[in-house]
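Peer 1: Next up is a structure, given as structure tokens.
The values are calculated or read from the model by the stated rules, or taken from the named source; none is laboratory data. Because the structure is predicted, anything quoted here is derived from the model rather than measured. Don't worry about glycine lacking a Cβ; one is built from the backbone with ideal geometry, like all the others, and counts go over all protein chains shown.
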Amino acid sequence: MRKRWWVITALGFVVTMTAAVVAGLAFATPPAEPTAGEVVAAYDAPRGPDDPAYPRDLDLGIVPSTARFAGEEDGRRFWLGRDADSRPCLVVVIGDSELAGAACANPGILRERGMTISVSGPGASVLAVLVSDDVDLDAVPAPWTVLGDNLLVADPSAVGGGTGLTLPRDTGPDITVPF
């Protein structure tokens, strides 16, 4: 009889703990997806008075009113913007809009691994990487050029067939941006 009481008590404990874990999982709320501006503050920054206008003739899925000029180098211009789903996007325009492209990602992905876009055409090409505000850009290796607080650009042929770019964060683990 004594052994049966111990088995019943142990079984009751297991059932109670299982119910508590299941209840906890049912009511646990996953962390909220960050916004674009929480990952890269420039997405929420106002346009600068001297910023070039976003090319209205581009049909890359970017909401034009969200476009913010991010920098220019060697005739290549870069904008940050959002698509219709409010995802952050990086736009690259080479020359006078003949050659352009855009990449968009969920803000959590942007924070975790950055965003990469490569645009190439006759006589011109660029590889651009956008990283979150917490990435330390003081250690960016050649051939990368830093534009602003979050944008890195390079000639794809100078980067070679690498698997990515690893950079330190201000806090936390390093980030490896695949390309």
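Peer 1: With more than 15 Å from the chain's Cα centre (by Cα) and either surrounded by 19 or more Cβ atoms within 10 Å (Cβ to Cβ) or charged (D, E, K, R) (or both) as the only criterion, which of ARG77, ARG87 stands out?
Peer 2: Every option except ARG77 fails the conditions.
Peer 1: Only one of these conditions is not met by VAL119: (1) part of a loop (DSSP other than H, G, I, E, B); (2) closer than 20 Å to PHE78 by Cα; (3) more than 16 Å from the chain's Cα centre (by Cα). Which number is it?
Peer 2: (1)
Peer 1: Continuing with the same structure: State the number of residues belonging to region 11-40 that are farther than 12 Å from GLY81 by Cα, in a helix (DSSP H, G or I) and modelled with pLDDT of 50 or more.
Peer 2: Of the residues in region 11-40, 3 are farther than 12 Å from GLY81 by Cα, in a helix (DSSP H, G or I) and modelled with pLDDT of 50 or more.
Peer 1: Considering only region 132-162, state which residues are without any contact (Cβ under 8 Å) to a residue 60 or more places away in the chain and hydrophobic (A, V, I, L, M, F, W, C).
Peer 2: Answer for region 132-162, where residues must be without any contact (Cβ under 8 Å) to a residue 60 or more places away in the chain and hydrophobic (A, V, I, L, M, F, W, C): VAL135, LEU137, ALA139, VAL140, ALA142, TRP144, VAL146, LEU152, ALA154, ALA158, VAL159.
Peer 1: Which one is nearest to GLY123 (Cα to Cα) among residues in region 141-179 that are surrounded by fewer than 11 Cβ atoms within 10 Å (Cβ to Cβ) and of a type in the set (Ser, Thr, Tyr)?
Peer 2: SER157
Peer 1: Assigned to a loop (DSSP other than H, G, I, E, B) and at positive phi - does that describe any residue in region 129-147?
Peer 2: For region 129-147, residues assigned to a loop (DSSP other than H, G, I, E, B) and at positive phi: absent.
Peer 1: Residues of region 83-120 being on the phi > 0 side of the Ramachandran plot and either in contact (Cβ under 8 Å) with a residue 60 or more places away in the chain or touching a helix residue (DSSP H, G or I) at 6+ places or on another chain (Cβ under 9 Å) (or both), which ones?
Peer 2: Of region 83-120, the ones on the phi > 0 side of the Ramachandran plot are 86, 95, 97, 114.
Passing the criteria: SER86, GLY114.
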